[in-house]
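These notes are about the structure you will find just below.
The values are calculated or read from the model by the stated rules, or taken from the named source; none is laboratory data. All values derive from a computational prediction rather than experimental measurement. Every residue, glycine among them, receives a Cβ derived from its backbone with ideal geometry; neighbour counts consider all protein chains shown. Quick note on the areas: whole protein, heavy atoms, side chains included, nothing else; ligands and nucleic acids left out. Shrake-Rupley method; radii C 1.70, N 1.55, O 1.52, S 1.80 Å.
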Amino acid sequence: MAAQAAPAEELSKLSVEETKPVPAANGNDSDAESGDEEAEEGAAAPAAGAAKKKKKRKPKKKKKAPTSQSEPPRVLVSQLFPNKQYPKGEEVEYANDNLKRVTNEEKRHLDNLASNQEFLTDYRHAAEVHRQVRQWAQKSIKPGQSLTEIAENIEDSVRALTGHSGLEEGDALIAGMGFPTGLSINHCAAHYTPNAGNKMVLQEDDVMKVDFGVHVNGRIVDSAFTVAFNPRYDPLLEAVKAATNAGIKEAGIDVRVGDIGAVIQEVMESYEVEINGQMLPVKSIRNLNGHTINHYSIHGTKSVPIVKSNDQTKMEEGDVFAIETFGSTGNGYVHEEGEVSHYAKRGDAAKVDLRLSSAKSLLNVITKNFGTLPFCRRYIDRLGQDKYLLGLNNLVSQGIVEAYPPLVDKKGSYTAQYEHTILLRPTVKEVISRGDDF
């Protein structure tokens, strides 16, 4: 905030001493009169200057703090919420046996602990950034845009709203992208983002999954939506959105993840979509799952299937889950195919004596800038690194870095995705990434 300029001090009034006319040396009266006039003019000049200096300067107007987001998003979310009172997600009471948690005093105490409040503040901050960026993205994404343009628009907005460009060493670990922007089209269901030189352009008849993460202090919000311009794909999108919401509704403390998968599959597969005169069932992609999210780690140890299974793993208090579902008009099964763009350093990687100097150098860059957060090649490029592919492939082969190739169903099929992050708090389930859009 600019300091208000203080008014100029009033100058003390100037007094001009009366001067006696000095007779001219030659006794000429006109010369004497001329001297009198000059004296009067000399006295008038400082008096006028004093009057001019007395005029008060107008104080500078204070720059008003922004109250709304710009387009494209560039206003810090922390400026829009200066007291750090970020919006809560959708709070849902626990059902059945867990209903007592809402009124249990001990649970209320746990929910209000200072450490838990810091955790919630970071998560709600990240969620608000995600909401504002994705709502703008949903309006701005149009056919004819390159995938690189779309990805960079989203990522530049996330970095601007968190206030961390990620260009200085360690800056991206404070806040920013939780993982690269996935822009997976049609039969490609996940893990596709453009590498440098990619010329792919979004088409009018495409179905594109937009999946990106935002983190604040390692608290990652993972949420995704699907863009389609042709209304014939609406039933596919509706099926997946309904299935995701059914999974969220079923989720809760002590709930078995296999039971959630059964509910998701039942809802998903109650839909069908007509494409080119053919009615096609919408299938849950059975080898894709939701998952827990850990601190600075997008994939935790628990999975949430999106088909019926015998998995007896229970959700627990304090868990953070990404509830995501994928529907397909194809086989309902994906496999790895295509050029890799997504990577992440493994948190459990054994210490390896790297012989390749480029691998050692790149590992140092990854560790200091991304830690265990996922990254893509474009993120390495923007740090000024080049000729790093040999070193990157070496880190993958040594088991230090995990590669995530694109995941695709059969060609000619269409896939859709919706996803939200939920927090299983002691007293309520909070759908932290919920917004007016979905």
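Does Gly290 fit the bill of being small (Gly, Ala, Ser), at pLDDT 95 or above and not in a loop (DSSP other than H, G, I, E, B)? Yes; evaluated as a whole, the condition is true for this residue. A search for C-beta distances below 8 Å between a residue of the stretch 179-207 that is within 19 Å of Gly330 (Cβ to Cβ) and at pLDDT 95 or above and any residue that is open to solvent by 50 Å² or more (accessible area, probe 1.4 Å) and in a strand (DSSP E or B), counting only pairs 6+ apart in sequence or on different chains, returns His191/Tyr404.
With respect to the conditions (1) among the aliphatic types (A, V, I, L, M); (2) without any contact (Cβ under 8 Å) to a residue 60 or more places away in the chain; (3) surrounded by fewer than 22 Cβ atoms within 10 Å (Cβ to Cβ), Leu362 falls short on a single one, namely (3). The residue that is nearest to His187 (Cα to Cα), among those in the stretch 341-352 that are among the aliphatic types (A, V, I, L, M) and open to solvent by 30 Å² or more (accessible area, probe 1.4 Å), is Ala349. Within the stretch 296-339, being open to solvent by less than 80 Å² (accessible area, probe 1.4 Å) and among the hydroxyl-bearing types (Ser, Thr, Tyr) holds for Tyr296, Ser297, Ser303, Ser309, Thr313, Thr325, Ser328, Thr329. Among the residues of the stretch 151-167, is any among the β-branched types (Val, Ile, Thr), closer than 21 Å to Tyr233 by Cβ, in contact (Cβ under 8 Å) with a residue 24 or more places away in the chain and not in a loop (DSSP other than H, G, I, E, B)? Taking every residue of the stretch 151-167 in turn, none turns out to be among the β-branched types (Val, Ile, Thr), closer than 21 Å to Tyr233 by Cβ, in contact (Cβ under 8 Å) with a residue 24 or more places away in the chain and not in a loop (DSSP other than H, G, I, E, B).
Cβ-Cβ distances below 7 Å connect no pair with a first residue in the stretch 309-334 that is without any contact (Cβ under 8 Å) to a residue 24 or more places away in the chain and of a type in the set (Val, Ile, Thr), a second residue that is open to solvent by 10 Å² or more (accessible area, probe 1.4 Å) and not in a loop (DSSP other than H, G, I, E, B), and a separation of six or more residues or different chains. What residue, among those in the stretch 392-438 that are among the basic types (Lys, Arg) and over 30 Å from Thr121 (Cβ atoms), is least open to solvent (accessible area, probe 1.4 Å)? So, considering only residues that are among the basic types (Lys, Arg) and over 30 Å from Thr121 (Cβ atoms), the one least open to solvent (accessible area, probe 1.4 Å) is Lys410.
Could you tell me whether Ser357 is of a type in the set (Ser, Thr, Tyr), more than 30 Å from Met268 (Cβ to Cβ) and more than 27 Å from the chain's Cα centre (by Cα)? Criteria met by Ser357.
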